1. Criterion first (small (G, A, S) and surrounded by fewer than 20 Cβ atoms within 10 Å (Cβ to Cβ)) does A19 satisfy it?
2. Count, please, the residues in the stretch 67-80 that happen to be farther than 24 Å from G106 by Cβ and surrounded by fewer than 17 Cβ atoms within 10 Å (Cβ to Cβ).
3. May I ask you to verify whether I235 is under 14 Å from the mean Cα position of the chain (by Cα), in a helix (DSSP H, G or I) and more than 15 Å from P136 (Cβ to Cβ)?
4. Go through (1) crowded, with 19+ Cβ neighbours inside 10 Å; (2) part of a loop (DSSP other than H, G, I, E, B) for N108 and report which single condition fails.
5. T103 fails exactly one of the following numbered conditions: (1) assigned to a loop (DSSP other than H, G, I, E, B); (2) modelled with pLDDT of 95 or more. What is the number of that condition?
6. Which count do you get for residues in the stretch 193-231 that are in a helix (DSSP H, G or I) and closer than 20 Å to H52 by Cβ?
7. I'm trying to understand the selection: among the residues of the stretch 55-66, which are surrounded by 18 or more Cβ atoms within 10 Å (Cβ to Cβ) and in contact with an Asp or Glu (Cβ under 8 Å, 6 or more places away or on another chain)?
8. Quick one: how many residues across the stretch 157-192 are in a helix (DSSP H, G or I) and either modelled with pLDDT under 95 or closer than 17 Å to F218 by Cβ (or both)?
Amino acid sequence: MRSIRLGVNIDHVATVRNARGENYPSPLRAALLCEKYGANSVTIHLREDRRHIRDFDLKVIKKKLKIPLNLEIAPVKHMVKISLKYKPDYVCIVPEKRREITTEGGLNLKRNFKQISKIVKILNKNRIRTSLFINPTIKDVKISKDLNVNCIELHTGRLSNLIKKKRKFKNELTKIKNSSKYADKIGLEVHAGHGMDYKTTKILSKINEIKEFNIGHFIIGESIFDGLKNVIKKIKKKLK
């Protein structure tokens, strides 16, 4: 039976903590509970402005977590240095704008090719699994292959928004299907993430080429009402 991995992004546990300037709720505790409840990995995004996850969170989570840690970073030198210092199992390079509320789209690979290429080379040399957060286009998949990454993560935000607004989503879903098939064909492992809930997870789980889903905001938000254990269990059920 096909097994799809689930990565849980716990950034917004830190968002709640930081709202009061205190130490609660604990991102470390959230990470360990995700591990206990069946997540295959934990994702954290260390933003340059430290709006949620902070360096100390990265340090203690990497030390205590037994399942893989996926660190999302902007393609900048000092973030690479931090990655090499703490050695997460995975690094996903993502675009980052100071004023955005959340990641608005995939990387501009053409404009940032040289910069990303240098970063990927360093991470690969240090045996850290590399991934790029990209828009679901054949063009970006091709460039990702040229950049010599291990994986791509397709931005599913547009599809998720269309589904939530009950608008036609067939064209966007086709883009994700075609990008996934092509990436798999040329030897890139395919992941998906952004904006997913139960419904979008179930729809996207039917794409055989997608091996890993990274879901954060919905899982953390829904856990307020249904508990982290139940939400992870229900998401994993949708992935089967």
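1. Details: small (G, A, S): yes; surrounded by fewer than 20 Cβ atoms within 10 Å (Cβ to Cβ): yes.
Spelling it out, A19 is indeed small (G, A, S) and surrounded by fewer than 20 Cβ atoms within 10 Å (Cβ to Cβ).
2. 0
3. Spelling it out, it is not the case that I235 is under 14 Å from the mean Cα position of the chain (by Cα), in a helix (DSSP H, G or I) and more than 15 Å from P136 (Cβ to Cβ).
4. Failing condition for N108: (1).
5. The failed condition is (2).
6. Residues flagged as in a helix (DSSP H, G or I) and closer than 20 Å to H52 by Cβ within the stretch 193-231 amount to 10.
7. Correct list: L65 only.
8. 8
The values are calculated or read from the model by the stated rules, or taken from the named source; none is laboratory data. Please read all numbers here as calculations on a predicted model, not as lab measurements. Every residue, glycine as well, gets a Cβ built from its backbone with ideal geometry; the counts of neighbours run over all protein chains shown. Each accessible area value is taken on the protein alone, full model and side chains, heavy atoms only, with ligands, DNA and RNA left out. Shrake-Rupley method; radii C 1.70, N 1.55, O 1.52, S 1.80 Å.
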